[in-house]
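The values are calculated or read from the model by the stated rules, or taken from the named source; none is laboratory data. The model shown is predicted, which means the values in this text are computed figures rather than measured ones. We place every Cβ from the backbone using ideal geometry, glycine too, and count neighbours over all the protein chains shown.
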Amino acid sequence: MPLLFDDNKEIAQKTLNILKKDPLFVFEKRDSFNNSNRISGGFYNECSYFNKIFNPERIESLSKSLKNIPAQRFKKYMHQLAELPGVDFLDHKLIFSGDKSSIYTEFKKLRRSVTAKNYPKQGFISPSYRCNLDCAYCFSKDMLKKFNEDMTIENYKLYIKKLKKDFDVQEIGFFGGEPTYFPKLIEFIEEAENEALYCNLASNGIIDSKTWGDIVARNSIRMITLHIEDDDFYREKKIIETLLSNISSALKLGRQIIFRFNISKENIDWNFLKKYIDLVPKFRFSFALPFPSVRGDNTFIELNDMGKYGATIISMIDYISHNCSNYEIVLAKPIPLCVFTEYEYDQILNNIKYKNICEIDKNNNTNNLMINPDGSYQPCVALNSDKFIYNDFLKTESLSSNYHLNINRVLKTPIMEKCNLCYLFTIGACQGACYAYGA
């Protein structure tokens, strides 16, 4: 393999662009994964076309090529290298041995800064699990039964002060339920502003225009994730009109909009997206296959049925790419790589942001921390069974110690039995599916 970098800027940039598209560099390695657990052979047949991509000899070859770059030239491109997510797959001992050993400390600092940038510290608040809709796939169906009292403003003030002081959060995300349906949301936003915190919302966007306008007019609101449905879901035309009107008012105020859609059926007429695409200069679209609630009362996609949705995902990509010149598509929840055909995987890799490893263990297991209405807390919205919920956020001294054993157990436990035989799981390139399936 030729050297990956060269003094020629054009060649170096071309190499970096290739690396960014390379499947090796698409996946985040689990922070807690131990390479000593790697097994030889046992590569699951359904994933055979990944064998070449993630072959250990190929990874070693890349590492050795990086090692051979002279220190001065390596340092020149180190910032760009630090931005590549999959660089942690490479053997750092090989890369930084010899004359580049003094650069390793600097590189580690760069990687930490990149991680901090890509995973900014934020705290998620669910002030209420009440909602003005009743979506069949919603994970919160169980949560309203468990937490039927709303969060008080007095306790909320204490929660955000602790989030800022102890965990250095910069932003508060409001979840639910439907946060705009919560009557004291503006008061909650004002308190976040008093603590110099930014805010974001996960909303269905169909609250009345006056309430919506008052909320999104707050200068602290940076981003709104709008959960949208196809037209058949909305029983009345005026509901869609309200939604479109609310989107327009948020855009006029400069708020970033990310559209979120849960794929819960195989055959979808994507034409309903056109009206949303036409509203925004850059269409940001996040999708997922619904995961099970604690008791499985919601409508979710069974693990064994996930393979049926590859063609649906491709049809979505095709529709968006043909109707939007400036778009970004993100897979919000991991899907097992083995459910895709080689063609589907190639299309997905080239057209969407696909991370098949959950970031739950980032920031010492607090990256997706959710505080419930009663002050109990959980590691993310998906892990909401009793064994993951701790009772009093205000009294806890170390979230990491509480979650260390539980989270590590989940990270290292195959969600499907066949994952035990899969090379992708053993190297940390695939976790199987959302951890809710195995929790």
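A compact table of results
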| read-out | value |
| --- | --- |
| Residue match in region 59-73 (condition: outside any strand (DSSP E or B), among the charged types (D, E, K, R), touching a Lys or Arg at 6+ places or on another chain (Cβ under 9 Å) and not assigned by TED's automatic domain parsing to the domain that holds Leu197) | yes |
| Residue within region 201-219 that is touching a residue at least 24 places away in the same chain (Cβ under 8 Å), farther than 17 Å from Leu251 by Cβ, outside any loop (DSSP other than H, G, I, E, B) and of a type outside the set (Ser, Thr, Tyr) present | yes |
| Some residue of region 348-367 being in a helix (DSSP H, G or I), in contact with a Gly (Cβ under 9 Å, 6 or more places away or on another chain) and on the phi < 0 side of the Ramachandran plot | yes |
| Checking His322 against (1) assigned to a loop (DSSP other than H, G, I, E, B); (2) at pLDDT 85 or above, the condition it does not meet | (1) |
| Residue match in region 129-144 (condition: more than 27 Å from Ser248 (Cα to Cα), part of a helix (DSSP H, G or I) and not aliphatic (A, V, I, L, M)) | yes |
| Region 171-200, residues that are over 14 Å from Tyr159 (Cα atoms) and either surrounded by 21 or more Cβ atoms within 10 Å (Cβ to Cβ) or not assigned by TED's automatic domain parsing to the domain that holds Phe147 (or both) | Phe175, Gly176, Gly177, Glu178, Pro179, Thr180, Phe182, Leu185, Cys199, Asn200 |
| Selection count, region 413-439, where residues are of a type in the set (A, V, I, L, M, F, W, C), assigned to a loop (DSSP other than H, G, I, E, B), surrounded by fewer than 23 Cβ atoms within 10 Å (Cβ to Cβ) and modelled with pLDDT of 80 or more | 2 |
| Some residue of region 277-290 being touching a Cys at 6+ places or on another chain (Cβ under 6 Å) and over 21 Å from Ala382 (Cβ atoms) | yes |
| Of all residues making up region 357-372, the number that are under 25 Å from Met316 (Cα atoms) and at pLDDT below 75 | 0 |
| Evaluation of Ser315 against (1) surrounded by 17 or more Cβ atoms within 10 Å (Cβ to Cβ); (2) modelled with pLDDT of 95 or more (one fails), failing number | (1) |
| Positions within region 162-192 being out of contact with any strand residue (DSSP E or B) (no Cβ under 8 Å at 6 or more places or on another chain), in a helix (DSSP H, G or I) and at pLDDT 95 or above, in sequence order | Tyr181, Ile186, Glu187, Glu190, Glu191 |
| Failed item in (1) touching a helix residue (DSSP H, G or I) at 6+ places or on another chain (Cβ under 7 Å); (2) surrounded by fewer than 21 Cβ atoms within 10 Å (Cβ to Cβ); (3) over 24 Å from Glu266 (Cα atoms); (4) in contact (Cβ under 8 Å) with a residue 40 or more places away in the chain, with Val381 passing the rest | (1) |
| Among the residues listed as Phe300, Phe287, the single one being of a type in the set (Phe, Trp, Tyr), within 19 Å of the chain's Cα centre (by Cα), closer than 15 Å to Cys434 by Cβ and in a strand (DSSP E or B) | Phe287 |
| Matching residues in region 332-342 - criterion: being in contact with a helix residue (DSSP H, G or I) (Cβ under 8 Å, 6 or more places away or on another chain) and surrounded by fewer than 19 Cβ atoms within 10 Å (Cβ to Cβ) | Thr341, Glu342 |
| Leu158 in the same structural domain as Ile263 (by TED's automatic domain parsing), modelled with pLDDT of 90 or more, part of a helix (DSSP H, G or I) and surrounded by 19 or more Cβ atoms within 10 Å (Cβ to Cβ) | no |
| Filter pass, Ile240 being assigned to a loop (DSSP other than H, G, I, E, B) and among the β-branched types (Val, Ile, Thr) | no |
